[in-house]
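Worksheet: one structure, shown below.
The values are calculated or read from the model by the stated rules, or taken from the named source; none is laboratory data. Just so we're clear, the structure is a prediction, and the values are computed from it rather than from any experiment. FYI the Cβ positions are ideal-geometry reconstructions off the backbone, even for glycines, and counts take in every protein chain you see. Accessible surface is based on the protein model in full, side chains and every heavy atom, while ligands, DNA and RNA are left aside. Shrake-Rupley method; radii C 1.70, N 1.55, O 1.52, S 1.80 Å.
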Amino acid sequence: MRTRWRGPGASRVMPCVVALGGVLAAEVPAAAQGRWFKGNTHAHSLNSDGDVPVDEVVRWYRTHGYHFTFITEHEYFTDVAPLNALFAAANRFLVLAGQEVTQRVEDRSHPGGARQAHVNALGTNRLVLPLGERNLATGMSIAATFARNGQAIRDAGGIMQVNHPNFLWSVPLADMMDLPDSTLFELWNGHPIVYNLGGTDSTGHVMPSTEARWDSILSRGKLLFGVADDDSHSFRPEDAGNPDLARPGRGWIWVRADTLSPTAILDALRRGDFYSSTGIVLRDLRVSPGEYRLEITPAGDRRYLTEFIGHGGRVLATSTTLRPVYRITGNEGYVRARVSDSSGRMAWTQAVRVRR
Ligand SMILES: [Zn+2]
Ligand SMILES: [Zn+2]
C-alpha cells in the first residue's frame, strides 16, 4: 500500500503506525490528497520594524509567486480581513494572521544580559504577550518560556514556530529538547544575521547549525518540523540586492492542502505536510512503510544531489536522479531528505520516525 505522505503529527489525532512484514513500523499516516501552496511564515512591516506598510508587504508576496504569507509583527496582531478583502483570491492568494512573540530571557553571563527566545504565533486569533517587563523574563529558562508561550499560542488557536535559535547566539540546544512533537522551528531563516550555519567562538564554544540541532532533537525521538522563511524586513526596491538586509524571497515552504484556507494550511502545518526550500521544487513526496520517495522538478541543466538522513545526522544514502527513492530498513530511527542543486539551492523534507 502506498500512501500520500503526511507528517507524523497526524498520528496524534489518529494513531497510524503501519507494520510491514511484521518487522518494520514506520509512522505513515493515512492518505492525504492536495495541491502544493507556496508560503512564507515570517514577515514584518512598518507595524513593527519593517520598512514599508503592511499592504506593500502583502503585495510583494502576491506578485512574486506565493500563495500565502503570514504577517508576524513584533507584539502587534494584524487584522488580516481588510488585507484579504483587497488581495485574497480563491486558491490563489491568502493572508494569514499571526505575530512574533519577542521574548527575551535574562542571563547576566550573556552579552547584553539577555538571550533571545523569539517564537512566531501562526494562525492565532489575538495578541500573545511575552513574559516580563519589556519582554524580559527573569528567573526562568528559555525552555520554560517556550513551554509557556507555546501554550498561550495554542490557547489563541495558533501554532508555535521557534525562530532563529542562533540569533545573538541565544538558544542552547538543551532548551529545544523538550519542545512538543510537531513544533515548527526555523531550519533556514533568510535574515543575514541569524546564523543558520552556527559557529564556534574563540574559546571553542560551539553553537550548532540549525540542521545539526534538528538531527540531535530527532535522534532523541522528538519530531520537530523544519521551516524555511524570510523574516523579511526590507522591501524598498532601491535596496534590492543588498545582502546585508533582510529581503523577501529567500526561503519558503510548500504546503500540501486540499484548498487554500486558514484551516487547511494550519492543519497541514500541524501534521508536517510541507517541505522547505530556497529554490528547489518537488513535484511529489511520498512515504510508504518501506519507501521514502521524492520527485524533483528539474530547472534548466542544474544537477541534483539528494541525501537521505537518519539517526545522528548520518547520511544513509545519496542519489543524483530526479526520482530518488530510499528503501527503509527499520534501523534508521528516522528518515528525512535534503536536496541540493549545483547552484547551491536547497530543499528539506520532514522526517518520519522509523522503528522496529
Ligand atoms: Zn526574531
Ligand atoms: Zn522577525
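Some points to look at:
- All alpha carbon pair distances within the range 226-298 were sorted into 10 Å bins beginning at 0; the resulting P(r) in whole percents reads 17, 36, 31, 14, 2, 0.
- Here's the picture: charge each Lys and Arg Cβ at +1 and each Asp and Glu Cβ at -1 in the chain, and of 180, 278, 309 the one pushed furthest to the positive end of that dipole is 309.
- Here the scattering of the range 274-322 is modelled by Debye summation over its C-alpha atoms, one equal scatterer each and no solvent; at q = 0.13, 0.24, 0.27, 0.31 Å⁻¹ the log10 of I(q)/I(0) is -0.34, -1.11, -1.28, -1.35.
- With the highest mean first, a sort of the peptides 43-56, 109-122 on other beta-carbon atoms found within 10 angstrom per residue produces 109-122, 43-56.
- Of the solvent-accessible surface of the chain, computed with a 1.4 Å probe and all protein chains present, 52% belongs to carbon and sulfur.
- With semi-axes defined as the square roots of five times the eigenvalues of the C-alpha gyration tensor, the equivalent ellipsoid of the chain measures 30, 24, 20 Å, largest first.
- Cα convex hull volume per residue for the range 132-229 (Å³): 120 Å³
- Tensor-based shape of the range 257-356 (alpha-carbon gyration tensor, a/c under 1.5 rounded, otherwise prolate or oblate): oblate
- Across the options 325, 89, 242, the greatest Cα extent toward the positive end of the charge dipole of the chain (unit charges at beta carbon of Lys, Arg, Asp, Glu) belongs to 325.
- The order of the peptides 327-339, 310-322 by mean Cβ neighbours within 10 Å, most packed first, is 327-339, 310-322.
- Remark: the chain carries 41 Å² of accessible area per residue (probe radius 1.4 Å; ligands, DNA and RNA excluded).
- Computed from point charges on the beta carbon alone (+1 for Lys and Arg, -1 for Asp and Glu), the dipole magnitude for the chain about its Cα centre is near 1520 Debye.
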